[in-house]
Amino acid sequence: MARESIVIVEDEPDIREVIEYNLSREGYKVTSSGDGQSGLETVRKEAPDLVVLDLMLPGVDGIEICRRLKADPLTRGIPIIMVTAKGEESDVVLGLGVGADDYVSKPFSPKALMARVKAVLRRGSLKEERGAGERLVYGGLAIDAARHEVRVDGKSEEFTATEFRLLHILASNPERVFTRDHLIRRVIGEHAIVNDRNIDVHVRAIRKKLGPYREVVRTMRGVGYRFRPLEESEE
Ligand code: CA
């Protein structure tokens, strides 16, 4: 079976080897780089399906690599999973802000990384199948953009316009981590006078209405939110 190709950019040999080993064992085609400059060149040359990118690198750092890859039309569509130091939430926010798709924090288990890799690759293939105004169905949860309707186990639930937009953005991009700032811009608008708490209040209201599916809206502590379909609990 032909599997996706993945480029790893990581300067610590031990960690690089662990990632290489685990990805190769899953059947992915793996290419590695030990510094930022060669990492950029490798990604441009390989055009992989995914990049696993350490943020702390000698030379060109991970944030800058991410920024350059997302600025280049040739590499813009390649998803990036950042590897961050423990507790560096500001790095996560920065990385997501320059277009990274997801992150794992050191120390991470190979299992957690594999779950992120599979989710991001799956999302890439789903994105192409998915139209703009259609119906999103996750088990007993159905979100109908055209009718502006959310059904929970067949029963229609009343959502405010803001709650609906918030849930729809999250559910249209399962597994993608959204910062609160991003959600405020997308859902409430650039110029609205709101703070992070407002988003949290909307999320609480959404969860209440989702009843048995409340867990699909996950809090990423210190960062924001992500939508995770219930049947996919790999971690
Ligand atoms: Ca490093």
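About the centre of its Cα atoms, region 133-232 shows a dipole size close to 240 debye [charges on the beta carbon of Lys, Arg (+1) and Asp, Glu (-1) only; nearest 20 debye]. Of the GluC sites (Glu not before Pro) found in region 131-173, those in coil by DSSP whose Cβ has at most 11 other Cβ atoms within 10 Å are GLU158. Rounded to the nearest 20 debye, the dipole magnitude of the chain is 880 debye, with +1 charges on Lys and Arg beta carbons, -1 on Asp and Glu beta carbons, and the Cα centre as origin.
As a proxy for reagent exposure, ranking SER5, SER32 by other Cβ atoms within 10 Å from fewest up yields SER5, SER32.
Sites count as exposed loop sites when they are trypsin sites (Lys or Arg not before Pro), lie in a DSSP loop, and have at most 16 other Cβ atoms within 10 angstrom; the longest stretch of the chain without one is 148-220. Placing a pseudo-label 7 Å from each Cα along the Cα-to-Cβ vector at VAL137 and ASP200 gives an inter-label distance of 3.7 nm.
Spin-label model, ARG147/ALA161: points 7 Å from Cα along the beta carbon direction are separated by 2.1 nm. Take every DSSP beta bridge whose two residues both sit in the chain; close to 50 percent of them are antiparallel. Gain on full extension, evaluated as 0.36 nm per residue between ILE15 and ALA85 minus their Cα-Cα distance, stands at 24.0 nm.
FYI, it's all coordinate maths here, none of it is from the lab. All of these numbers come straight from a predicted model, not from anything done at the bench. All Cβ positions, glycine included, derive from the backbone under ideal geometry; neighbour counts span all protein chains shown.
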